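Visitor: First the structure, which I've put down as structure tokens, then a few questions once you've had a look.
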Amino acid sequence: MKVPHKPPPAGPGISSRAGAAGPAEASAPRSAGGVRARLASRKVLLLGCAVLAAVLLASVVVAIGLGPAVVPPGETAHHLWAALSGGRIRSGEVTTYQIIWQIRTPRVLLAALVGAGLSAVGVAIQAMVRNALADPFVLGVSSGASVGAVGVTVTGGLAVLGIHAVSVGAFAGALVASLLVYAASSSRGALSPLRLVLTGVAMSLGFQAVMSLIIYFAPDSEATSMVLYWTMGSFGAATWGALPVVAAVVLAGLAVLYRYGRTLDVLSLGDETAASLGFDPDRHRKVLLVLVSLVTGVMVAVSGAIAFVGLVMPHVVRMVVGAPHARVLAVAPLVGAIFMVWVDLAARTLVAPRELPLGVITALVGVPVFIALMRRRGYTFGGR
Amino acid sequence: MDLELDGLSVVTDGKSLVRDLSLEVPAGRVVGLVGPNGSGKSTALRCVYRALRPSSGTVRVGEQDLTRLPLRHSARTIAAMTQDGGVDFDFTVEEVVALGRAPHLRGNQALSGRERDLCERAMDQLDIRHLAHRGVLTLSGGERQRVLLARALVQEPEILVLDEPTNHLDVRHQVDLLALLRASGLTVLVVLHDLNLAAAACDRLGVLSQGRLVASGAPADVLTTDLVADVFGVKASVVPHPLTGDPQLLYSLDSTR
């Protein structure tokens, strides 16, 4: 440390010892920092995002083509183009067209949206509650949604809403859970990260108990399969009908979260520091909590609670691009979307005609990745 | 810019942490807050960097009541080096230092060339330039302290508040840090545990005991054998520093002598 010749705000003040730092840097061990520094520049980041977007597009087209009836990518693209541009198709192609456009396209798009959303929400939640082990469901949203969905199924409530009844019930359950967690964890306007997590975990357990109770007294076995659906996740119910709502909420959520990049950086420095840098940590956490609950609630309502994506993707992305959230939030949704498209493809093709629950596959991939990640030298896991 | 605490009181959960504290830090001066553990030093500082709202009393910066200023606005005038240096994710040193610009930037707005120069200069001053690409979680406590001070300087504040900045620092870096504060020309309010360093570094000292200001003034007037015995419960001889004349304390482990 050097005594400056002038105060830092005013003076040029680069002291003579600056030169001495050079050799020290050269001899310092080149850890993950070196890689990260190279990936940090804006151009590289933009290029990376462009490449990932291209990969995502290709994955979507391939995934739409694959299934019990395999359609080559070229033909898939032709049908998609026909659908988008209102072009004509020959009468012999109608069946293929319907499989592609009515069944597979909404499903694959939903997978991409939910993958992107879960990854981004995971990033935000981990920074917000200052816990590297947090995921989008840590605040009780998924178990609340499950209770809502199962409740609606068993009681036949909300029947006027038809096929959307379950989704609406799940969304309502998610919101109720978020409100309860918020009410129970806030005290005198403050929203402590640790209390938020602990309350969320406790509420989750409570909701799971309620769900078990409903199942126990349920008259039929439909409720049981419902539970599997909600705890493991599936895109089997995807339709064009729900897609616009999900797309609007998730994409808006991604955009807003991205704008919160530097705020999340500041929040992860601790509340004291955040305040000294001009950020009210409680106010920002409240806004984020609302945003994150809304996006997660919508995703869970249409696809159930897909585990591990929101936990693992943020860490994987951070390892490559570093910790700054603007960067992580630019890359994580793309990586999450690509991952989820392939996971869904595996889920519906591996044991066709049956479908694997998504959570099984994400866990199969996620658990080893997560453990390898934790054990990896050089990646410091939230300082713990 | 002047900093003034006027009748500051903080009550949390029925406990009175700071009582009627009035203290003035004239522009460009270094004022130290000393006192035993739990005497309310950090609590008083938290009111200045706005992590805490005083129960009564005011903090004024250049005649302006701090609570009337938007948080963002005051963060451009007052920077803090706090005790919670914990970072959750493995930001690099460079990235943490750059976050000092946060109160001056909108959203994810990128740093300008001038701001990047500012960061590099601060890293040079704190002797951490060679750590620029290291993850902060891999640093030693002392290195991390210097990163936090660099971040505070990058904020371009007029007032700097520091909570035990010399914690974890080796002797050389302790001396360098306090010399840097003195040379900075900033208005400085600093909590220090080492009374000898405080006497050497500060223009004035305020002594807190159980939330009250029990003495304030020039170090030579404040640091007396009686006061140290009263407030800290320690026997000490006060001798003038042979070179600077600042009062220096020599402690005796045997309390009877």
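The values are calculated or read from the model by the stated rules, or taken from the named source; none is laboratory data. Model, not experiment: these values are computed from the prediction. All Cβ positions, glycine included, derive from the backbone under ideal geometry; neighbour counts span all protein chains shown.
Visitor: Scan region A:125-144 and give yes if some residue there is of a type in the set (Gly, Ala, Ser), modelled with pLDDT under 85, crowded, with 16+ Cβ neighbours inside 10 Å and in a helix (DSSP H, G or I), otherwise no.
Guide: There is at least one residue in region A:125-144 that is of a type in the set (Gly, Ala, Ser), modelled with pLDDT under 85, crowded, with 16+ Cβ neighbours inside 10 Å and in a helix (DSSP H, G or I).
Visitor: May I pose another question? So, in region A:171-212, exactly how many residues are over 27 Å from B:Asp88 (Cβ atoms) and at pLDDT below 85?
Guide: So in region A:171-212, the residues over 27 Å from B:Asp88 (Cβ atoms) come out as A:171-173, A:175-176, A:206-212.
Subsequent filtering for residues that are at pLDDT below 85 retains A:211-212.
The total comes to 2.
Visitor: Small (Gly, Ala, Ser) and either within 14 Å of chain B (Cβ to nearest Cβ) or under 17 Å from the mean Cα position of the chain (by Cα) (or both): does that describe A:Gly270? Before the answer, list the steps.
Guide: Details: small (Gly, Ala, Ser): yes; either within 14 Å of chain B (Cβ to nearest Cβ) or under 17 Å from the mean Cα position of the chain (by Cα) (or both): yes.
Spelling it out, A:Gly270 is indeed small (Gly, Ala, Ser) and either within 14 Å of chain B (Cβ to nearest Cβ) or under 17 Å from the mean Cα position of the chain (by Cα) (or both).
Visitor: Which of the numbered conditions does B:Asp84 fail, given that it passes all the others? Conditions: (1) of a type in the set (D, E, K, R); (2) within 8 Å of chain A (Cβ to nearest Cβ); (3) not in a loop (DSSP other than H, G, I, E, B).
Guide: (3)
Visitor: State yes or no: is B:Gly135 surrounded by 23 or more Cβ atoms within 10 Å (Cβ to Cβ) and in contact (Cβ under 8 Å) with a residue 24 or more places away in the chain? Break it down stepwise before answering.
Guide: Details: surrounded by 23 or more Cβ atoms within 10 Å (Cβ to Cβ): yes; in contact (Cβ under 8 Å) with a residue 24 or more places away in the chain: yes.
In short, yes.
Visitor: In region B:150-174, what residues are more than 9 Å from chain A (Cβ to nearest Cβ), surrounded by fewer than 23 Cβ atoms within 10 Å (Cβ to Cβ) and of a type outside the set (S, T, N, Q)?
Guide: B:Ile159, B:Glu164, B:His168, B:Asp170, B:Val171
Visitor: Can you tell me which of A:Val335, A:Val320, A:Val328, A:Val341 is in a helix (DSSP H, G or I), crowded, with 19+ Cβ neighbours inside 10 Å and touching a Leu at 6+ places or on another chain (Cβ under 7 Å)? Step through it out loud before you land on a result.
Guide: Numbers: A:Val320 fails: crowded, with 19+ Cβ neighbours inside 10 Å; A:Val328 fails: touching a Leu at 6+ places or on another chain (Cβ under 7 Å); A:Val341 fails: touching a Leu at 6+ places or on another chain (Cβ under 7 Å).
One residue alone meets the criteria, A:Val335.
Visitor: Now, a different point. Which condition number does A:Phe279 fail, the rest of (1) among the aromatic types (Phe, Trp, Tyr); (2) buried (at least 22 other Cβ atoms within 10 Å of the Cβ); (3) part of a helix (DSSP H, G or I) being met?
Guide: Only one criterion is unmet by A:Phe279, namely (3).
Visitor: Within region B:24-42, work out how many residues are under 25 Å from B:Val234 (Cα atoms) and in contact with a strand residue (DSSP E or B) (Cβ under 8 Å, 6 or more places away or on another chain).
Guide: Going through region B:24-42, the residues under 25 Å from B:Val234 (Cα atoms) turn out to be B:31-42.
Restricting the remaining residues to those that are in contact with a strand residue (DSSP E or B) (Cβ under 8 Å, 6 or more places away or on another chain) gives B:31-36, B:39-42.
Qualifying residue count, region B:24-42: 10.
Visitor: Using the structure shown, decide if B:Leu243 is more than 13 Å from every other protein chain (Cβ to nearest Cβ) and either of a type outside the set (Lys, Arg) or part of a loop (DSSP other than H, G, I, E, B) (or both). I'd like the intermediate steps shown before the answer.
Guide: Numbers: more than 13 Å from every other protein chain (Cβ to nearest Cβ): yes; either of a type outside the set (Lys, Arg) or part of a loop (DSSP other than H, G, I, E, B) (or both): yes.
Yes.
Listed here are the residues, each with its yes/no results for (1) under 21 Å from A:Asp280 (Cβ atoms); (2) in contact with a Phe, Trp or Tyr (Cβ under 6 Å, 6 or more places away or on another chain); (3) of a type in the set (S, T, N, Q); (4) outside the structural domain of B:Leu45 (by TED's automatic domain parsing).
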position: B:Asn108; (1), (2), (3), (4): yes, no, yes, yes
position: B:Gly113; (1), (2), (3), (4): no, no, no, yes
position: B:Asp117; (1), (2), (3), (4): no, no, no, yes
position: B:Gly142; (1), (2), (3), (4): no, no, no, yes
position: B:Gln145; (1), (2), (3), (4): no, no, yes, yes
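Visitor: While we're on this one: Any idea which of B:Gly28, B:Gly57, B:Gly7, B:Gly32 is under 20 Å from B:Gly185 (Cα atoms) and not in a loop (DSSP other than H, G, I, E, B)?
Guide: Details: B:Gly28 fails: not in a loop (DSSP other than H, G, I, E, B); B:Gly57 fails: under 20 Å from B:Gly185 (Cα atoms); B:Gly7 fails: under 20 Å from B:Gly185 (Cα atoms).
None of the others qualify; the one that does is B:Gly32.
Visitor: Of all residues in region B:179-195, how many are polar (S, T, N, Q) and surrounded by fewer than 17 Cβ atoms within 10 Å (Cβ to Cβ)? Before the answer, list the steps.
Guide: Our first condition is that a residue be polar (S, T, N, Q); within region B:179-195, this holds for B:184, B:187.
Then drop every residue that is not surrounded by fewer than 17 Cβ atoms within 10 Å (Cβ to Cβ), which leaves none.
Residues in region B:179-195 being polar (S, T, N, Q) and surrounded by fewer than 17 Cβ atoms within 10 Å (Cβ to Cβ): 0 in total.
Visitor: Just checking, how many residues over region B:90-102 are in contact (Cβ under 8 Å) with a residue 40 or more places away in the chain and either more than 7 Å from chain A (Cβ to nearest Cβ) or among the hydrophobic types (A, V, I, L, M, F, W, C) (or both)?
Guide: 8
Visitor: Of the conditions (1) over 30 Å from B:Ala229 (Cβ atoms); (2) in contact (Cβ under 8 Å) with a residue 24 or more places away in the chain; (3) assigned by TED's automatic domain parsing to the domain that holds B:Leu195; (4) not in a helix (DSSP H, G or I), B:Arg72 satisfies every one except a single condition; which number is it?
Guide: Only one criterion in (1) over 30 Å from B:Ala229 (Cβ atoms); (2) in contact (Cβ under 8 Å) with a residue 24 or more places away in the chain; (3) assigned by TED's automatic domain parsing to the domain that holds B:Leu195; (4) not in a helix (DSSP H, G or I) is unmet by B:Arg72, namely (4).
Visitor: Right, something else. Checking B:Asn108 against (1) facing another protein chain (nearest Cβ under 7 Å); (2) touching a residue at least 24 places away in the same chain (Cβ under 8 Å), only one condition comes out false. Which one?
Guide: All conditions are met except number (2).
Visitor: Considering each of A:Val249, A:Val256, A:Val287 in turn, give the residue that is closer than 14 Å to A:Val123 by Cβ and under 19 Å from the mean Cα position of the chain (by Cα). Spell out the reasoning first.
Guide: Working: A:Val249 fails: closer than 14 Å to A:Val123 by Cβ; A:Val287 fails: closer than 14 Å to A:Val123 by Cβ.
On inspection, the qualifying residue turns out to be A:Val256.
Visitor: For A:Pro357, indicate whether it is in contact (Cβ under 8 Å) with a residue 60 or more places away in the chain, surrounded by 17 or more Cβ atoms within 10 Å (Cβ to Cβ) and more than 17 Å from the chain's Cα centre (by Cα). It would help to see each step written out before you state the result.
Guide: Details: in contact (Cβ under 8 Å) with a residue 60 or more places away in the chain: yes; surrounded by 17 or more Cβ atoms within 10 Å (Cβ to Cβ): yes; more than 17 Å from the chain's Cα centre (by Cα): yes.
Criteria met by A:Pro357.
Visitor: Quick check on region A:157-171. Is at least one of its residues within 14 Å of another protein chain (Cβ to nearest Cβ), touching a residue at least 40 places away in the same chain (Cβ under 8 Å) and more than 19 Å from the chain's Cα centre (by Cα)?
Guide: Initially, region A:157-171 is screened for residues within 14 Å of another protein chain (Cβ to nearest Cβ), giving none.
No.
Visitor: Pull up region B:35-54, narrow it to residues that are within 14 Å of chain A (Cβ to nearest Cβ) and outside any helix (DSSP H, G or I), then point me to the one that is surrounded by the most Cβ atoms within 10 Å (Cβ to Cβ).
Guide: The extreme case among them is B:Tyr49.
Visitor: Another question about this same structure. Which residue, of B:Arg50, B:Arg60, B:Arg68, B:Arg76, is of a type outside the set (A, V, I, L, M, F, W, C), on the phi > 0 side of the Ramachandran plot and modelled with pLDDT of 90 or more?
Guide: Working: B:Arg60 fails: on the phi > 0 side of the Ramachandran plot; B:Arg68 fails: on the phi > 0 side of the Ramachandran plot; B:Arg76 fails: on the phi > 0 side of the Ramachandran plot.
Testing whether each residue is of a type outside the set (A, V, I, L, M, F, W, C), on the phi > 0 side of the Ramachandran plot and modelled with pLDDT of 90 or more leaves just B:Arg50.
Visitor: Looking only at region B:121-163, which residues are in a loop (DSSP other than H, G, I, E, B) and either under 15 Å from A:Ser276 (Cβ atoms) or in contact with a Ser or Thr (Cβ under 8 Å, 6 or more places away or on another chain) (or both)? Reasoning before the result, please.
Guide: The first filter runs over region B:121-163 and keeps only residues in a loop (DSSP other than H, G, I, E, B), leaving B:126-128, B:132-134, B:139-140, B:155-158.
Those that are in a loop (DSSP other than H, G, I, E, B) and either under 15 Å from A:Ser276 (Cβ atoms) or in contact with a Ser or Thr (Cβ under 8 Å, 6 or more places away or on another chain) (or both): B:Ala132, B:His133, B:Arg134, B:Gln155, B:Glu156, B:Pro157, B:Glu158.
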